[in-house]
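The values are calculated or read from the model by the stated rules, or taken from the named source; none is laboratory data. Fair warning: this is a prediction, and the values are worked out from it, not measured in the lab. In this analysis, Cβ positions are derived from the backbone assuming ideal geometry, glycine residues included, and neighbour counts consider all displayed protein chains. The protein model used for the area step is the full one, side chains on, heavy atoms only, and it has no ligands, DNA or RNA in it. Shrake-Rupley method; radii C 1.70, N 1.55, O 1.52, S 1.80 Å.
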Amino acid sequence: VQLVESGGGLVQAGGSLRLSCAVSLRSSSIYALGWFRQAPGKEREFVAAINWINEKPYFADSVKGRFAISRDNAKIIVYLEMNKLEPEDTAVYHCAAARFILPSYSDYTRYEFWGQGTLVTVSS
């Protein structure tokens with residue numbers, strides 16, 4: 001199984017980026033896709049997730065109102081639209097896939113497959 005992220009880069013504070021994650025799983029096999037991030041010297045942090053079946057989104061408090069998550073069921077791609085970016089959003093962003101019901105969408109240990117990540121740098 002492969003997850004390939006793209007769309008990272010350097011952006012000024014207040015700007016926007018859209019991350020994409022292409023997943024080599026059948027749509028019928030996916031329960032949820034999530035985005036996590038890890039900044040240098042910090043632990044992995046939940047950002048957002050989407051239930052693949054009903055498209056219900058979940059967000060960390062730190063990104064609510066600024067980030068949006070969506071999916072393309074035909075292409076098996078999940079998107080993370082990031083707006084009003086802040087320097088604190090600087091991190092490597094990873095997408096992750098879960099095939100089974102998640103007790104908690106923010107628990108990274110519940111996701112089975114991971115991408116290599118894409119770097120987002122927000123300058124002040």
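Can you tell me which residues in region 76-88 are touching a Leu at 6+ places or on another chain (Cβ under 9 Å) and either in contact (Cβ under 8 Å) with a residue 60 or more places away in the chain or closer than 12 Å to Leu119 by Cβ (or both)?
Tyr79, Leu80, Glu81, Met82, Asn83, Leu85
Determine whether Gly41 is on the phi > 0 side of the Ramachandran plot and in contact with a His (Cβ under 8 Å, 6 or more places away or on another chain).
no
Do the conditions hold for Val4, that is, is it over 11 Å from the mean Cα position of the chain (by Cα), open to solvent by 50 Å² or more (accessible area, probe 1.4 Å) and either of a type in the set (D, E, K, R) or at pLDDT 95 or above (or both)?
Details: over 11 Å from the mean Cα position of the chain (by Cα): yes; open to solvent by 50 Å² or more (accessible area, probe 1.4 Å): yes; either of a type in the set (D, E, K, R) or at pLDDT 95 or above (or both): yes.
Here the answer is yes, as Val4 does meet what is asked.
For region 18-39, state whether one or more residues are open to solvent by 60 Å² or more (accessible area, probe 1.4 Å), touching an Asp or Glu at 6+ places or on another chain (Cβ under 9 Å) and more than 19 Å from Glu112 (Cβ to Cβ).
Start the filter on region 18-39 by keeping residues that are open to solvent by 60 Å² or more (accessible area, probe 1.4 Å), which leaves 18, 24, 26, 28, 38.
Within this subset, residues satisfying the condition of being touching an Asp or Glu at 6+ places or on another chain (Cβ under 9 Å) are 18, 38.
If we keep only those that are more than 19 Å from Glu112 (Cβ to Cβ) as well, we get 18.
Within region 18-39, one or more residues are open to solvent by 60 Å² or more (accessible area, probe 1.4 Å), touching an Asp or Glu at 6+ places or on another chain (Cβ under 9 Å) and more than 19 Å from Glu112 (Cβ to Cβ).
So which of Ser124, Ser104 is of a type in the set (Gly, Ala, Ser) and open to solvent by 50 Å² or more (accessible area, probe 1.4 Å)?
Ser124
Here is a list of conditions, (1) among the hydrophobic types (A, V, I, L, M, F, W, C); (2) open to solvent by 80 Å² or more (accessible area, probe 1.4 Å); (3) in contact with a strand residue (DSSP E or B) (Cβ under 7 Å, 6 or more places away or on another chain), and Ile53 meets all of them except one; can you say which number that is?
The number of the failed condition is (3).
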